[in-house]
1. Looking at segment 59-76 only, could you name the residues that are modelled with pLDDT of 90 or more and outside any helix (DSSP H, G or I)?
2. It is to be established whether one or more residues within segment 79-96 are farther than 19 Å from residue 42 by Cα and of a type in the set (Phe, Trp, Tyr).
3. Search segment 42-58 for residues being modelled with pLDDT of 85 or more and in contact with a strand residue (DSSP E or B) (Cβ under 9 Å, 6 or more places away or on another chain), and hand back the single one that is most open to solvent (accessible area, probe 1.4 Å).
4. Is it true that some residue in segment 127-140 is over 14 Å from the mean Cα position of the chain (by Cα), at pLDDT 90 or above and under 24 Å from residue 33 (Cβ atoms)?
5. Tally up the residues in segment 83-124 that are open to solvent by 50 Å² or more (accessible area, probe 1.4 Å), assigned to a helix (DSSP H, G or I), of a type outside the set (Asp, Glu) and at pLDDT 85 or above, please.
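The values are calculated or read from the model by the stated rules, or taken from the named source; none is laboratory data. All of these numbers come straight from a predicted model, not from anything done at the bench. Because the Cβ atoms are built from the backbone with ideal geometry, glycine has one as well, and the counts that use them run over all protein chains shown. SASA here: full protein model, heavy atoms, side chains in, ligands and nucleic acids out. Shrake-Rupley method; radii C 1.70, N 1.55, O 1.52, S 1.80 Å.
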Amino acid sequence: RRLCPDVKWIREPKGGGARGPEVDFLRAGSMDQRRAAVVTALESGDRKWARAMVFCHETKRAKELAAFLTDALPDDTTVLELHGELLANDRRATYSRFVSTSSGRRVLVCSDVALRGLDIPGIGLIVMYDLSRRPADFEHRLGRIRKAGGGTRVVCLVHPTDAAAVRELQTL
C-alpha cells in the first residue's frame, strides 16, 4: 500500500551482509511523508520480522507516532511505547510485553531512553524515524542490532536536508 507517493528509497533494500546489517535510507521530508515512510518500511520486504523497534528523538514524537501506527498497521501488529515519561515499572512492563509475547507482530516505538541497557533478542527491523544527532547515538542504536543477533534490517528516514549526516553515518 502506498500512503504517500513522495516517499522514495534512496537505495532499494538489499538485506544484511557479512559485515552486519545493511542500513537503508528512505527519503521523507514532511510529517505525513515520515509517517507514511515508517509504514512503508514496516510493510516492505518479506515481513518475516516478529519484533521491530522505531527510534524517535523525543517522547512527544514517540507517543504521537505510536498512536498513528496503532491505527495504520494491521490488527495482528501490537504497537508499544517506551519513553522517558513512563515510570520505571511501566517501562519494565512494556519491555516484558514486547519480548515475551509469542504471537503476532510487535513494534516498540521508543525515544532515546532505549539507547542503552536493553537486551532484546530477535529484532528483525529497526527504523530510525529521526536520524541520530550524534554518531555515538547512532552507534548505540546499532548496538540494539548487535544484541538482537543476525538478520536485522535497518531503515533510516532521511529529510532532504540530511545529506551530510547520511554521508557521515554511512562511514561508520
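1. Let us first name the residues in segment 59-76 that are modelled with pLDDT of 90 or more, namely 59-73.
Answer for segment 59-76, where residues must be modelled with pLDDT of 90 or more and outside any helix (DSSP H, G or I): just 73.
2. In the first step, residues of segment 79-96 are kept if they are farther than 19 Å from residue 42 by Cα; the result is 83-96.
Narrowing further to those that are of a type in the set (Phe, Trp, Tyr): 95.
Within segment 79-96, one or more residues are farther than 19 Å from residue 42 by Cα and of a type in the set (Phe, Trp, Tyr).
3. The selected residue is 51.
4. No, that holds for no residue.
5. Here the count works out to 7.
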